[in-house]
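Heads up, the thing below is written out as structure tokens.
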Amino acid sequence: SDAPPGAYDKATLAGDMLGLLDALELDCVDLIAHDWGAWIGFILCLDHPRRFAHYLALNILPPWPEPPSLRGSAGIVRLWYQLAIATPGLGRALIRHTSFIRRLILAGAVHDAWSEDDLRAFTSPLRVPERADASVHLYRTFLLRELVPYLGGQFSDRRLAVPTLLLFGTRDLAIDHRRLGPWAEHADEMTVELREDAGHFIAEELPELVVARALELFASSSASAASPPTS
């Protein structure tokens, strides 16, 4: 897709996704998303629950952080790579001219899930200047504008009505599965499944499992859907 200039704040990206559904004339869909996409997915399901019949989120923290603690503070250290990408000049150079992104993808993988063609498909587009810049702003905006409000409980008064499954590979080096927060207090129909046999890229490492869980979830009844979904 195009990578126009912008802050790449997640609320705007959620709006873009909603605009895409409108353009495709899809009133209600099943949603599956990973990482930043899954963060945006939570925003969409909170703001527009009638547009989503079910939600399968992969390896992302829910919108409700755990209370401040020493363990939580230690978890911030895992964001070191985001700081590197967000740094002016450095992030763009790392993405375009080094194997930094390739190494991040491969780090902590439990299974040999990546072929050379896969890695090129993920990394080559990012070497284009505007896509490298988009990646930098995605992380910079999060660290400078979105992290503190999240930690401050910006979603604490919001309830998740969409039936949701969070499928999480516990050997994720970026996101700590022990910091999922008090999600049960804020969600009407949400479950969490932790998998010790996967890391961050669970869809690539355990594709059969992800497909099976998606089919099971999407086939279940949904009280929140306004109309039959189009997956």
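The values are calculated or read from the model by the stated rules, or taken from the named source; none is laboratory data. Model, not experiment: these values are computed from the prediction. When we count neighbours, we look across all protein chains shown, and the Cβ atoms used for this are built from the backbone with ideal geometry, even at glycine. With ligands, DNA and RNA removed, areas are computed over all heavy atoms of the protein, side chains included. Shrake-Rupley method; radii C 1.70, N 1.55, O 1.52, S 1.80 Å.
Compute the accessible area per residue over the chain, keeping the other protein chains in place, probe 1.4 Å, unit Å².
Numbers: 11700 Å² over 231 residues.
Per-residue accessible area for the chain comes out at 51 Å².
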Spin-label pair Leu83/Glu189, simplified geometry with 7 Å Cα→Cβ offset, distance in nm: 4.2
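Rounded to the nearest 20 debye, what is the charge dipole size of the chain about its Cα centre when +1 sits on each Lys and Arg Cβ and -1 on each Asp and Glu Cβ? Present the calculation step by step, with values, prior to reporting the outcome.
Numbers: 21 positive and 30 negative charges, 186 e Å.
Rounded to the nearest 20 debye, it is 900 debye.
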Net +/- balance of residues flanking Thr12 in space, Cβ distance below 12 Å, scoring K and R +1, D and E -1: -1
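Which percent of the accessible area of the chain is formed by carbon and sulfur heavy atoms (probe 1.4 angstrom)? Mind showing how you got there, number by number?
Working: 6830 of 11700 Å².
Carbon and sulfur together cover 58 percent of it.
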Leu90 paired with Ser124, simple spin-label distance in nm, labels 7 Å along Cα-to-beta-carbon: 3.0
Principal-axis tilt of helix 207-219 within the chain, Cα atoms, nearest 10 degrees: 30
Length-normalised contact order of the chain in % [C-alpha pairs under 8 Å, at least 6 apart]: 32
Note, ³J(HN,Hα) from phi for the stretch 8-21, Karplus 6.51, -1.76, 1.60, rounded to Hz, x at Gly and Pro: 6, 6, 6, 5, 5, 5, 4, x, 4, 5, 5, x, 5, 4
The chain: angle of helix 36-47 to the longest principal axis, Cα-based, in degrees nearest 10: 30
Theoretical gain in end-to-end length, His48 to Leu26 [0.36 nm per residue, Cα-Cα removed]: 6.6 nm
Projected label distance in nm at Thr12 and Asp197, using a 7 Å step from Cα toward the beta-carbon: 4.2
With Cα atoms, 0 to 90° folded angle of helix 129-141 axis to the chain main axis: 60
Rg to Rh, two decimals, where the stretch 1-65 supplies the alpha carbon set and Rh follows Kirkwood: 0.96
Total formal charge among the other residues, if their Cβ is under 12 angstrom from that of Thr123, Lys/Arg +1 and Asp/Glu -1: +3
Phi to ³J(HN,Hα) by Karplus 6.51 cos²θ - 1.76 cosθ + 1.60 over the stretch 84-89, Hz, x for Gly, Pro: 4, 5, 6, 5, x, x
Rg/Rh ratio calculated on Cα atoms of the stretch 23-137 (Kirkwood radius): 1.02
Estimated Rh, the stretch 71-185: Kirkwood, alpha-carbon pairs, angstrom: 16.4
For Leu160, residues with placed amide H under 5 Å, excluding near neighbours: Ala187, Asp188
Paired Rg and Dmax values of the chain, which use every Cα atom, in angstrom: 17.5, 49
